[in-house]
Every structure is written in C-alpha cells, then in structure tokens.
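For reference, the structure discussed in these notes is given below.
The values are calculated or read from the model by the stated rules, or taken from the named source; none is laboratory data. From a predicted model like this one, the values you see are computed outputs, not experimental measurements. Using ideal geometry, Cβ is built from the backbone for each residue, glycine included, and neighbour counts are taken over all protein chains shown.
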C-alpha cells in the first residue's frame with residue numbers, strides 16, 4: 001500500500017529531480033570510499049585463501065585469478081556489498097524519515113497537500129537503483145585489482161597466469177546477473193528502510209529501533225531474493 005502512494009505521479013517533477021541528485025550524492029557517492037576499501041581487501045583475501053588451497057602442483061595456478069573473478073562478480077560485489085550498504089544506507093534512510101515522522105514534519109507536508117510518501121521515498125529508491133550498480137561495478141574492478149596486487153607482491157602467481165585466469169571462460173552474463181541482483185537489492189534496501197522509518201511511532205528511542213529493524217529486515221530480504229534470483233537465472 002505504501003508503494004502505491006510512493007509511485008504516484010509526482011506533483012512537481014523539478015523538485016523530485018533535485019531530490020534524486022541529492023540522494024545520489026548522500027546514498028551513493030558517500031559510500032564510494034568504504035566500497036573501495038572493503039572490495040580491495042576482500043579481493044586480496046580471496047586470492048590468498050585460494051592460493052593456500054591450491055598446493056597440489058597438478059592444479060594450474062591460473063585458477064587463482066579465475067576464482068577471484070568468479071567470487072567477486074558472482075557473490076561478493078552484488079550481495080555482500082549490498083548487505084554492507086543495507087547497514088550504512090538503510091539505517092540512514094530509516095532514521096532520517098523516522099525523525100521526520102516523530103517530529104511531525106511529515107504531518108506538515110500532508111497538511112500542505114504534498115504526497116509525503118512519494119516526495120520522501122521515491123527519490124531515495126530511484127537514487128539507490130541508479131547508483132548501486134555503479135558501486136558494484138567499482139567493487140568488481142577494485143576487488144579483482146586488489147587480488148592481482150597481492151598475488152604479484154607475494155609471488156603467488158605470475159601476472160600472466162592471473163590475467164589468464166581472469167579471462168578464462170569469462171561470460172558477460174555473469175556481469176548482467178550481478179547487476180540484476182544489485183538493482184533488486186537496491187530497491188529492497190531503500191523501500192524496506194523507508195517503510196520502517198515512515199511508520200515510526202514514538203520518540204528518539206523508536207527511531208533507533210526502526211533503524212535496527214530496517215537493517216535486519218533488509219538483510220533478510222536480500223538473502224532471500226539472492227536465493228530466488230540465483231535459482232531463476234543460473235540454475
């Protein structure tokens with residue numbers, strides 16, 4: 001029912017455009033730093049763990065690069081990063097809207113004839129759906145780059161073998177699969193978090209509880225839809 005109100009026709013498109021640009025900066029660009037740091041270290045860790053498991057001389061070393069590529073593109077960048085964003089972005093959305101609700105700012109918008117659900121939530125959903133795939137693509141490149149750097153620095157594998165592993169059986173479909181998941185997860189993060197914030201009742205304590213519920217429920221929904229999308233697209 002809330003989403004029906006959210007996706008109603010905007011009263012003034014220019015205001016929504018300004019809000020979307022602001023939300024892209026707040027929800028997306030400000031998350032770029034943590035995305036790069038986490039992805040680089042995760043790519044390096046995946047490479048080290050794969051190399052430690054490939055002690056058999058009969059196993060080709062290019063599998064280190066192959067495993068790093070598959071792990072980053074298929075699961076870490078779209079799913080794990082979305083779970084991290086659910087904690088960072090989701091709690092922010094829920095607390096921001098929840099604070100407006102308990103301080104009666106949303107009631108003031110309704111009195112002025114503004115569709116508060118659409119005005120507050122729709123820009124956040126659009127911004128998340130637009131910017132999260134960009135963050136995931138950055139995460140893929142940075143994670144694979146971190147794996148390559150640690151592999152070369154520690155002499156685990158030659159740059160040529162690692163590069164061969166990256167190109168080995170590469171299919172663009174896995175990238176499309178990751179981006180499809182990212183769009184779905186972005187919608188879940190923004191909508192679920194906004195829902196908990198919009199229906200906050202009480203004071204500051206309830207705002208905190210709404211933020212916690214938003215992160216928990218978003219994470220559960222992400223894991224559930226990760227299973228569903230994987231079953232539909234890969235199996």
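Annotations for the structure displayed:
- The stretch 159-207, residues that are farther than 30 Å from residue 102 by Cβ, out of contact with any helix residue (DSSP H, G or I) (no Cβ under 7 Å at 6 or more places or on another chain) and not in a helix (DSSP H, G or I): 169, 170, 171
- Hey, residue 57 modelled with pLDDT of 85 or more and either in a helix (DSSP H, G or I) or surrounded by fewer than 24 Cβ atoms within 10 Å (Cβ to Cβ) (or both) or not: no
- Annotation note: of 2, 27, 32, the sole residue that is crowded, with 19+ Cβ neighbours inside 10 Å and modelled with pLDDT of 85 or more is 27.
- So residue 42, is it closer than 17 Å to residue 125 by Cα and either more than 20 Å from the chain's Cα centre (by Cα) or at pLDDT below 95 (or both): no
- Evaluation of residue 117 against (1) over 19 Å from residue 2 (Cβ atoms); (2) modelled with pLDDT under 95; (3) in a helix (DSSP H, G or I) (one fails), failing number: (1)
- Residues satisfying the stated conditions in the stretch 5-24, i.e. in a helix (DSSP H, G or I) and surrounded by 14 or more Cβ atoms within 10 Å (Cβ to Cβ): 5, 6, 16, 19, 20, 23, 24
- Check on residue 86, assigned to a helix (DSSP H, G or I), surrounded by 17 or more Cβ atoms within 10 Å (Cβ to Cβ) and out of contact with any strand residue (DSSP E or B) (no Cβ under 9 Å at 6 or more places or on another chain): yes
- Of the residues making up the stretch 196-221, those that are within 30 Å of residue 176 (Cβ to Cβ) and buried (at least 23 other Cβ atoms within 10 Å of the Cβ) number 2.
- Candidates 134, 141 - the one that is closer than 21 Å to residue 179 by Cβ, in a helix (DSSP H, G or I) and in contact (Cβ under 8 Å) with a residue 40 or more places away in the chain: 134
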